[in-house]
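Novice: My structure is below; once you've seen it, I'll send some questions.
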Amino acid sequence: MPAITVDDITVLPRIAALDPATARERPVASITNAPSGFEGEGFPVRRAFHGVDLGMLDPFIHLDQMGEVEYAPGEPKGTPWHPHRGFETVTYIMDGTFEHSDSNGGGGVITNGDTQWMTAGAGILHIEKPPESLLVSGGLFHGIQLWVNLPKAQKWSPPRYQDIRAGEVGLLASADGGALVRVIAGELAGHTGPGSTYTPMTLVHATLSPGAELAMPWRADCNALVYVLAGHGTVGAERLPVQTGQLAVLGPGNVLRAAARPHQESRSPNLNILVLGGRPIREPVAWAGPFVMNTRDEVIQAFEDYQAGRLGSIPAVHGAPSTLTVSLPTDAT
Ligand code: MN
């Protein structure tokens, strides 16, 4: 899991040791297991938020861990063309490469620690797939896709991309120097990540070496979710055990604590966690398939708009007919 790494963690700014007079460590509210399934054309995913009430996740909607998988040549999978409206998709690739194209002619390639933050807003069609080179060679693939809700006032924003390169991510070290903390968006301990968000939130990928402790100040008005990408550790004030594929939802407080077990399995020598926190939007959520709106009528409208081509149309493929061609058998009589 390379994402972005550093040769010498000791040169990074450190998260200051906590002041016990003001620190209120967040307890664990729940720990759930992410079931495995398949997405798109058949790439393996873990559904990180499965079984958790949307109210506890708000403003986050959905989180898939894609891989980790070692593809054979010819095997890498993507998604077909599909629409979105009313929220943002955040795709963070730790290993391998993913290619995006959309109905506005936008898109790009993200790889090894890059993030694409796509605001679907009023509506867009896109396709997410491995590039031809990865399809030919096969190889390691590991990423996440997070869905971030938009408040009613921003659901109709024009679609937008933020291409966040691995080298722009804010890098910090834990007080003990044993954890590398990557701030992708939001603010942590006075350091700001590159991602711009509509509502306040923090998105962090942390790698804890065996035995390392990570205690971070965490906004009291935001929620706190810890998803274990790989490894064994503990979370929360109670230091409850967690491992690969588990999500911990933490309760109220202003400090978030996690630690790596002193002994890890050889296939994942470190504890890797994704830490999310956002200020809840607290609006009704009407969600069906690729649309996340406030009311059922708005979702029905989204399906109708999609069917009518109002969310955009799939760009023409070179050499293919641009209009529907129907061929009927000739009548021999
Ligand atoms: Mn999508």
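The values are calculated or read from the model by the stated rules, or taken from the named source; none is laboratory data. Predicted model, so just to flag it, every value in this text is computed and none were measured. Note: areas computed on protein heavy atoms with side chains; ligands, DNA, RNA excluded. Shrake-Rupley method; radii C 1.70, N 1.55, O 1.52, S 1.80 Å.
Novice: Accessible area per residue of region 14-307 at 1.4 Å probe, in Å²? Please list the in-between numbers first.
Specialist: Working: 11200 Å² over 294 residues.
I get 38 Å² per residue for region 14-307.
Novice: I would also like to ask the following. Ignoring ligands, DNA and RNA, what percent of the accessible area of the chain is carbon or sulfur (1.4 Å)? Display every interim value, and only then the final one.
Specialist: Numbers: 7910 of 14590 Å².
Carbon with sulfur: 54 percent of the solvent-accessible area.
Novice: Now for a separate question. Given contacts defined as C-alpha pairs under 8 Å and at least six residues apart, what's the relative contact order of the chain, whole-number percent? Spell out each step's value before the answer.
Specialist: On the way: 873 pairs, mean separation 68.1, N = 333.
Relative contact order of the chain: 20 percent.
Novice: Something else about it: On alpha carbon coordinates alone, what is the Rg over Rh value for region 14-307, Rh being the Kirkwood radius?
Specialist: Numbers: Rg = 18.5 Å, Rh = 19.4 Å.
Reported Rg/Rh, Kirkwood definition of Rh: 0.96.
Novice: If DNA, RNA and ligands are ignored and the probe is 1.4 Å, what is the ranking of SER157, SER133, SER196 by accessible area, most exposed first?
Specialist: On the way: SER157 15, SER133 80, SER196 55 Å².
From most accessible down to least: SER133, SER196, SER157.
Novice: Another question, then. Ordering LYS129, LYS152 from largest to smallest accessible area (1.4 angstrom probe), what's the sequence? Please list the in-between numbers first.
Specialist: Numbers: LYS129 70, LYS152 110 Å².
Sorted descending by solvent-accessible area, the residues read LYS152, LYS129.
Novice: How big is the accessible area of VAL255 in square angstrom, nearest 10, if you roll a 1.4 angstrom probe over the protein chains?
Specialist: It works out to around 0 Å².
Novice: Run the 1.4 Å probe and let me know the accessible area of GLU265, rounded to the nearest 10 Å².
Specialist: It works out to around 70 Å².
Novice: A further question on this structure: Using the Cα gyration tensor of region 56-169, with a ≥ b ≥ c the square roots of its eigenvalues, what is the shape: rounded (a/c below 1.5), prolate (a/b larger than b/c) or oblate (neither)? Please report the intermediate quantities before stating the final value.
Specialist: Numbers: a/c = 1.98, a/b = 1.67, b/c = 1.19.
In terms of gyration-tensor shape, prolate.
Novice: Would you please classify the overall shape of region 99-234 from the alpha carbon gyration tensor, given that a ≥ b ≥ c denote the square roots of the eigenvalues, rounded means a/c under 1.5, and beyond that prolate means a/b larger than b/c while oblate covers the rest? Mind dumping the intermediate values first?
Specialist: Details: a/c = 2.31, a/b = 1.28, b/c = 1.80.
Verdict is oblate for region 99-234.
Novice: Between the helical axis of 296-307 and the dominant principal axis of the chain, each derived from Cα atoms, what acute angle in degrees is found, rounded to the nearest 10?
Specialist: The angle comes out near 50 degrees.
Novice: As a check on your grasp of the helix formula, calculate [θ] at 222 nm for the chain: sum -39500 (n - 2.57) over DSSP H runs of n ≥ 4, divide by the residue count, round to the nearest 500. Show your work: numbers first, answer last.
Specialist: Numbers: 3 runs with 22 residues, N = 333.
After summing the helix terms and dividing by residue count, I get -1500 deg cm²/dmol.
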